[in-house]
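First the structure, in the form of structure tokens, and then the observations on it.
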Amino acid sequence: RQRFAQVTNPPIDHLRERLVMSLRTLLGPRKPILTEKAEAARLLTLKSFFIYPSAVVDLLKSEGQGFGCARLDATFLVADGAAGLRTAVEKLGDEAEQLARQDTGILIIDDGGISPERASIPALLATGAVHHRLVSKGLRMNTSLVVQADDARDSHYIACLLGYGADAICPGLALETVASEADANEDSELVGPEAQARLQAAMEDGVLKIMSKMGISTVDSYRGAQIFEAIGLGREVVDVSFTGTPSVMGGIGWHELGEDALARHAEGRLVDAGYYRARKRGEYHTHNDDVVKSLNEFKAAHLLQRALKDGHDELYDQFASLVNGRPATEPRDLFELVPAGDPIPIDEVEPALQITRRFSTGAMSHGSLSREAHETLAEAMNLVGGRSNCGEGGEAPYRFRTRGQEKGDKNSRIKQIASGRFGVTPEYCAFADELNIKIAQGSKPGEGGQIPGAKVSDEIAGLRHTQPGIGLISPPPHHDIYSIEDLAQLIFDLKQVNGLADVSVKLVAEDGVGTIAAGVAKALAEVVQISGANGGTGASPLMSIKHAGLPWELGLADTQQALVENKLRDRIRVRVDGGFMTGRDVLIAALLGADEYSFGTAAMIAEGCIMVRACHKDTCPTGVATQRPHLRAKFAGTPEGVAAYFIYLAEEIRGLLASLGLRSLDDAIGHVECLRQKKVGNERGNTMDLTPLITPPEDADTPRRFVAPVDIQKTRSSLGDQLLADAFRPIWDGDEIELTYKITNSDRTIGAALGGAIALEYGSVPPRGTAAVRFDGSAGQSFGAFLTHGIEFDLVGEANDYVGKGIGGGRVVIRPPANDKGDPVLAGNTCLYGATAGDVFIAGSAGERFAVRNSGATAVVEGVGDHCCEYMTGGTVVVLGPVGYNLGAGMTGGQAFVYDPDANLTARLNTALVEAVRPDAELLEEVRWLIERHHELTQSPRAADLLRDWASTVNHMWLVAPTDQIRRIQAEQAGRVSAPA
């Protein structure tokens, strides 16, 4: 399974930030780095790791361009049976070691010797074994490994080959297949070589994406780094081919792998085993689908929907028995429950509505879901005392005002803060009971997100502060979280804007996630959420669904053990999600250490989802995941129906608790001694060892669940609180006040508390009063974050990162002291991140990612670093000085005006979505007005110079905007020119 970056370093956007990534590959022996000889630099340079069979032939003919070249036969005798695989791999390592000692500079691992008598060694096993043998003998730098593999046919497999030592890869059979298919298709103009080029581009892009999940930008850094973890692979295999790779549960060994290799060889042709879509003779799918004649899991979904409609407990029982009685598919299916004592009457168990308070829905946005489906989930969870998560995309303000209603409460109690910050306004934050920071998503960790333009209706565009019909991009990382300290800062920010809300952090299960969870606890979050890789996000890429992340059982056990060992478990709640369907799932999660439980796919099925898996196509036939009015009209879900599912689920939990002799979930949480591994009918399942998941803590008295009062988690800013106390009442009374404060870099997130308080009372409507606040000094992080209407900040000095983060109104002015010598840097990185309104004027330069994901703010600044206006969807930015590289990457809306007297803009612009043109007279007037306003507020000498020589200034002014927006402006200009006088 692919690993991915979470918190401790950021993933990279391989599409929008391609300029920092490289696939350049070098072949040949590597000399010691301090060897000062010409021959030390003599290497064969390739543009990519991807090579063609002709290149392999050339290497063999030319003796590796003089480095020496030899072929290793990656096949084994069929007659040797399953045991022959292990023998052949050992022999392969022996041959590679001998050749490396003879200074053979390039070794080609080739499975081309396949015949009726010889089966192929899986290329990954062969490559890993050779690589680790050479590493262990100190010979790896003597030679390069080229792999010619017929089983290399997708980007994940190729990434694995690179991660376990391959320098270059030739997927011979894949190249031959696409060329043959193209040439055989008479209806297509595509020919073989072009098809092969497309395959190469797809493979390379896929590898870049996998590398970027870990924040790695060059294939040289990825090669041999083995940034993977294994599921179901025994130690005897790992030690030979994947040395050092985590495989917590163990699993199958060489014999089983040999059987698989021989079975594939005997079959000859590739069999559709139902790997991506359920097939009658394929592997079992937990969410299989009646629409495509799948197995009985989706029959269970139909039973569930009938149970909710007809109100019969026995139908829920049938649903639960189908799920709980399925073949061993997930780690929890290998557990059996062990009573803690004698069974007790169910009347002595806590009531169902006490249990449902622990439930929440998965983060599904209004945009991915229809309004009807989204509101139904919110109402349902509010009926049972649980929490719905609104997902990334904002929420209609009218829903906030329904909070607390006995019926019709449509307010999502959990409001998500994701990397795109869509819809994250001060008002949105103020009406949350919990603010959920999504670091990663279970079905596609390490990636951003995208909503296609077809689903961005007028309604969705309004919620997300963008234009209808425009595709929207969420970056892979939060650009204000590059470390655990940054996460702590964002948690602090959110606690200022809403001091009553809990803050949760969503992580995805992987080896070591417990260490990150401990950091989350120390960063003073109230909840850490562990997402399993087996959720059902219908719009996620197949390579991510299948090959990234771990089951939640492993991540939860790791988290529980790390928190207990570090004596942090009692101060933070642990939530888990990832394919929950029944009460048994919940109880096992509780025993492994979870306090709370989140449901995504099951909740959607309860309101009518039939698992068509076309969520991204806007064609959902039941109106759940579409914005098309005629399809939304088919939505038949009800809050009462969804609520009934959760009540049935809680009743199942009550029965299980009673059978174990436990009176509440609190009595169950963390008591792994109530779990025991059982034998199952699948012998391969029995090779796994779940002991590491259910090992109890050494100190039996150590708290195993959350017990601390919430109050200890609250953190405040003294200056921010002082500002709130001084300004809120006068603003409420309709006064116009002026305040002055000294500020230091320890004063963080100033303005967020006041902005949140005003937003709670007034929403997005300007209040009756105003506050003009002057600060003198150096402001800390997040100065002016989450400001709203009626507040004006004037800072004489400088500010750290995140100025104006999430600003929803008001104004921030930053200007240098009177004795400044010129060209000051006055603001740090990532200013205006997720801004939706307001004005910012900075009489100096700012750092990187200025106005990243700006959705509506207006800003004037006198210089910026790299990635300015990245992912911007609205607003206006005026840059009166130098700009860094990658300007406008991922920018789908808004506009930027750049003063470029040195003619650097063309080289600095990312032209994938935007272009630069000369602004017309009307736009120049808009720019002039903004520069005049900038000068008025900051007394900027640069602004004064530009205005003084305006005739020259306009010759160096450029408009940067999305291409379709530029075309629309040009069409309007042409219309005005051709219109009769």
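Between residue 687 and residue 78, what length in nm is gained on full extension when 0.36 nm per residue of separation is reduced by their alpha carbon distance? Don't jump to the answer; show the numbers that get you there.
On the way: separation 609, 0.36 × 609 = 219.24 nm, distance 2.49 nm.
That pair, residue 687 and residue 78, stretches by 216.8 nm at full extension.
Annotation: the antiparallel percentage among DSSP beta bridges lying fully within the stretch 36-147 is about 30. Projecting label points 7 angstrom from Cα along Cα→Cβ for residue 243 and residue 137 puts them 1.2 nm apart.
Based on the Cα atoms of the stretch 132-199, what semi-axes does the equivalent ellipsoid have, where each is the square root of 5 times one gyration tensor eigenvalue, given in whole Å with the largest first? Please list the in-between numbers first.
Details: eigenvalues 224, 19, 13 Å².
Semi-axes from the Cα gyration tensor: 33, 10, 8 Å.
Taking the Cα centre of the stretch 18-267 as reference, the dipole from Cβ charges on Lys and Arg (+1) and Asp and Glu (-1) amounts to some 1300 debye. Among 792, 596, 17, the order by Cβ neighbours within 10 angstrom, fewest to most, reads 792, 17, 596.
Please work out the ratio of the alpha-carbon Rg of the stretch 18-267 to 2.2 N^0.38 Å and round it to two decimals. If you can, show how the numbers build up before the last one.
Values: Rg = 18.1 Å, N = 250, 2.2 N^0.38 = 17.9 Å.
Relative to the 2.2 N^0.38 Å estimate, the stretch 18-267 comes out at 1.01.
When you work out D = kT/(6 pi eta Rh) for the stretch 1-40 at 37 °C and 0.692 mPa s, using the Kirkwood radius from C-alpha pairs as Rh and the Stokes-Einstein form, the result is 232 µm²/s. Between the alpha-carbon centres of the stretch 203-268 and the stretch 52-83 there is a gap of 21 Å. With neighbour counts taken as other beta-carbon atoms within 10 Å, the residues 372, 761 rank, fewest first, as 761, 372. For the chain, DSSP calls about 20 percent of its internal beta bridges antiparallel. By its C-alpha gyration tensor, with a ≥ b ≥ c as the square roots of the eigenvalues, how is the stretch 693-774 shaped: rounded for a/c under 1.5, else prolate for a/b larger than b/c, else oblate? Because a/c hits 1.5 or more and a/b exceeds b/c, the stretch 693-774 counts as prolate.
Using 0.36 nm per residue and subtracting the Cα-Cα separation, the extra length available between residue 46 and residue 61 on full extension is 3.6 nm. With a simple spin-label model that places each label point 7 Å from the Cα along the Cα-to-Cβ direction, the separation between residue 936 and residue 454 comes to 4.8 nm. Please name which of 323, 572, 443 has its Cα lying farthest along the dipole of the chain towards the positive end, using unit charges on Cβ (Lys, Arg +1; Asp, Glu -1) and the Cα centre as origin. Value computed over the given set: 443. In plain terms, if you count all Cα to Cα distances in the stretch 835-981 and split them into 5 Å steps from zero, the share in each step is 2, 10, 20, 24, 21, 13, 6, 2, 1, 0 percent. Using the Cβ-Cβ distance between residue 266 and residue 678 with R0 = 30 Å, the FRET efficiency computed as 1/(1 + (r/R0)^6) comes to roughly 0.35.
When only the Cβ of Lys, Arg, Asp and Glu is charged (+1, +1, -1, -1), the dipole of the chain relative to its Cα centre reaches about 320 debye. Once the cut-off is 21 Å, how many percent of the Cα-Cα pairs in the stretch 385-460 end up in the long-distance tail? The proportion of pairs with Cα distances above 21 Å equals 32 percent. Using only Cα coordinates, the Kirkwood hydrodynamic radius of the stretch 435-512 works out to 14.5 Å.
Could you give the nm distance between label points at residue 925 and residue 818, where each point is 7 Å from its Cα heading toward the beta carbon? The modelled label-to-label distance comes out at 3.7 nm. Our analysis of the stretch 479-544 gives Rg over Rh at 1.03, with the two radii drawn from alpha carbon positions and Rh computed by the Kirkwood formula. In the chain, the calculated helix contribution to ellipticity at 222 nm averages -10500 deg cm²/dmol per residue, counting -39,500 (n - 2.57) for every DSSP H run with n ≥ 4. Under 15 Å from a label point set 7 Å out along the Cα-to-Cβ vector of residue 825, no amide N atom of the stretch 486-502 is found.
The distance linking the stretch 580-638 with the stretch 89-147 is 48 Å (Cα centroid to Cα centroid, whole angstrom).
The stretch 469-547 and the stretch 334-398 have Cα centres lying 20 Å from one another. Using the alpha-carbon positions of the stretch 736-978, Rg (one decimal) and Dmax (whole number) come out as 17.4, 59 Å.
For semi-axes √(5λ) of the Cα gyration tensor in Å, the value calculated from this model appears in [x] 47, 40, 27; [y] 45, 35, 28; [z] 41, 39, 33 under label [x]. Annotation: peptides 170-181, 733-744, ranked by per-residue average of other Cβ atoms within 10 Å with the highest first, follow the order 170-181, 733-744. Residue 721 label point, 7 Å along Cα→Cβ, cut-off 17 Å on backbone N: hits in the stretch 751-795? Counting backbone N atoms under 17 Å from the label point, the list is 751-757.
Whole-percent P(r), the stretch 298-693, all Cα pairs, 20 Å bins from 0: 28, 61, 10, 0. Considering only 708, 759, 730, the residue lying farthest towards the positive end of the dipole of the stretch 667-767 is 708, judged by Cα position with unit charges set on Cβ.
Read-outs throughout are calculated quantities, based only on the coordinates presented, and are distinct from any laboratory measurement. The shown structure was predicted, so the numbers you read here are calculated from the model rather than taken from an experiment. No Cβ is skipped: glycine too gets one built from the backbone with ideal geometry, and neighbour counts run over all protein chains shown.
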